[in-house]
Structures are given as structure tokens and as C-alpha cells.
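All remarks here apply to the structure that follows.
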Amino acid sequence: MARKKFYFDTQTYSYCPVQTDWKKYLIQIGLCLVLAFVCSVVAYDYGAQFEASALIRYNEQLSGQIAAKTVKLQKIEKSLDKIHHNDQTFYKSILNLKPIDQSVWEGGTGGTVPFASAKPKPLQKLDQQKEKLKFKFNLQESSFSELQKIAVHKSDELTHIPAISPINGRIVSGFGYRADPFHGHAHFHAGIDIVAAMGTPIRCVADGVVRVSGTPEYGYGLQIEIDHGYGYVTKYAHLSSMLVSPGQKVKRGQTIALSGNSGYSTGPHLHYEVIKNGTKVDPSAYIYQ
Ligand SMILES: [Zn+2]
């Protein structure tokens, strides 16, 4: 049974029962509930904001990691493209192999990416980049395996194919049409010109036998021609001195002459030609960097 409460009335000097003010009581409960609701809303909002800023920070971290990985993959791809370029222009050229078609090389889309649709776009892009790189690696690996097999069978031929620069110096004139240095009119330049000081040693670019050593052609000055076999002949012109004679066997890297300015020349340089099966070809394709 609830205990009844009294208060002392100073007007009447007697104890009177306390009357419960239900309206006031309900208002107080209502105010408490409203206060509790407002507090919970504020707490929830603060929590959500805290969570959102943590997510933003995490997202920024992930974006940074993806960007760094993308740059790293791009660098690897660039190096791989360089190796591929050497393979196409040098190795395949000297072994007479068909180069890989550029559209095949660039066509490595990598097929399907597992759960691609469930991943965010930057991650999908990264996966595609990785798959493309993997495709290029596999293609290049099989190309090198093929080259290795052929090179083993052609080891003798390889020592007879021009493969190094005949002299240390800068190429100042390339293979093809150019203005004649003396008359100015268009003229086909059948070799490359490498500028070098008088008396710079000239190396033989592959094993072979000296075919010419003298001045057999007007304009070339002192010149040497070497027959390497397998359809290859190399020519070195405008020399100052010749260190080999016809019939002599020479090895790749052996010094065969000294550079000069003899014949039809505007300054000290070496004119170098590569002749393949009777046709003059661009010697720069036979200089391994
Ligand atoms: Zn020249």
C-alpha cells in the first residue's frame, strides 16, 4: 500500500495531504524523454561523423597506394617495352625471324578479372594493368625461348653477323636520302657517318675475311671491306691508316684501321656500311646498344 505524503501548511498550522500533480509529472517525464532523444541523436551524429572521417582517411590512404602501384606498374611496362623493342629490332633482325605484331603486343587485355564488378573502378583498372603486364611478360618470355633455341643452332653464324659499333663516336649522318655535303642536291647515303678524331681505332664488327684494303672506289678514300659470310659484307671508309690486308682473317672487336679524312670528306669521320645479300642496309640496325 502506497504511503501517503503530508506537508505542513503555515497558514492553517496543520498537516495537509500532498496532492499528486499528474500533469506536471507527465510534463517532466516528457521533457526527460525529449532530452534523452536529443542526446542520442547528437551522440549518433557525432559517431557517424567520426566514422565518416575515418573512412575518408582510409579511402585517401587506399587511393595513394593504388596510385603508387599504378606508377610502379607503368615503370615496369616501360622497361619491358624497351626489352621488347630490342628483341624486335635487333635479335629478330639478325636471326631473320618474324617480329611480333605490334597489335598483338599491345592487345594483352588480360581477359576477365575475377569479381571485377564487385570491385571499385580504380582496383579494376589496376587488375587490368597487371593482367596486361603478365600477358606481355609471357609473350616476351616465349619469344626469348624461341630465340635461345635458334641462337644455339646458329652460334657460328652469330659471330659473323655485324653486331657492334665499329668506332666510339656520335652518328652525325644516318642511312637514306640527305643533302649532298658538297653540292646540296638530294643524294642517297648508303651508310652512316660516325664522327671521331683522326687516328681513332676502328673495330671489326664481326668475324670475317678482309676482301678489300686500299682505294678501289672514288670518293671513299682509304677503305676496308670485310666479307663475313652468310651474305654479310661491311665497309669502312675515309680511313687514315689500314692495319689489315686482303685475305687476312679478322675477329669481332679486332682493330683493323684508324679513322681519318681521306677521299670525299668534309672532316674526320668514319663512313660505315653494311651490305646484306648484295643490298646496302641501315647499319644502325646492326649496332647493339
Ligand atoms: Zn658517309
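The values are calculated or read from the model by the stated rules, or taken from the named source; none is laboratory data. Source: prediction; values computed, not measured. Cβ coordinates were reconstructed from backbone atoms using ideal geometry, including for glycine residues, and neighbour counts include every protein chain displayed.
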Within the stretch 191-206, is there a residue that is under 37 Å from the mean Cα position of the chain (by Cα), away from the ligand (no atom under 14 Å from the Cβ) and over 23 Å from ALA163 (Cβ atoms)? yes
Mind checking which residues of the stretch 151-173 are modelled with pLDDT of 90 or more, surrounded by 14 or more Cβ atoms within 10 Å (Cβ to Cβ) and not β-branched (Val, Ile, Thr)? HIS160, PRO162, ALA163, SER165, PRO166, GLY169, SER173
Evaluate the stretch 131-140: report whether one residue or more is more than 16 Å from the ligand (Cβ to nearest atom), loosely packed, with under 15 Cβ neighbours inside 10 Å, under 29 Å from GLY208 (Cα atoms) and at pLDDT 90 or above. no
Hey, PRO216 hits all of (1) within 17 Å of TYR264 (Cβ to Cβ); (2) touching a Phe, Trp or Tyr at 6+ places or on another chain (Cβ under 9 Å); (3) at pLDDT below 95 but one; which does it fall short on? (2)
Restricting to the stretch 238-281, give me the number of residues that are within 16 Å of the ligand (Cβ to nearest atom), buried (at least 16 other Cβ atoms within 10 Å of the Cβ), assigned to a loop (DSSP other than H, G, I, E, B) and not polar (S, T, N, Q). 2
Search result, residues across the stretch 254-278 that are out of contact with any Cys (no Cβ under 7 Å at 6 or more places or on another chain) and within 15 Å of ASP227 (Cα to Cα): TYR272, GLU273, VAL274, ILE275, LYS276, ASN277, GLY278
Scan the stretch 174-196 and give yes if some residue there is assigned to a loop (DSSP other than H, G, I, E, B), in contact with a Phe, Trp or Tyr (Cβ under 8 Å, 6 or more places away or on another chain) and among the β-branched types (Val, Ile, Thr), otherwise no. no
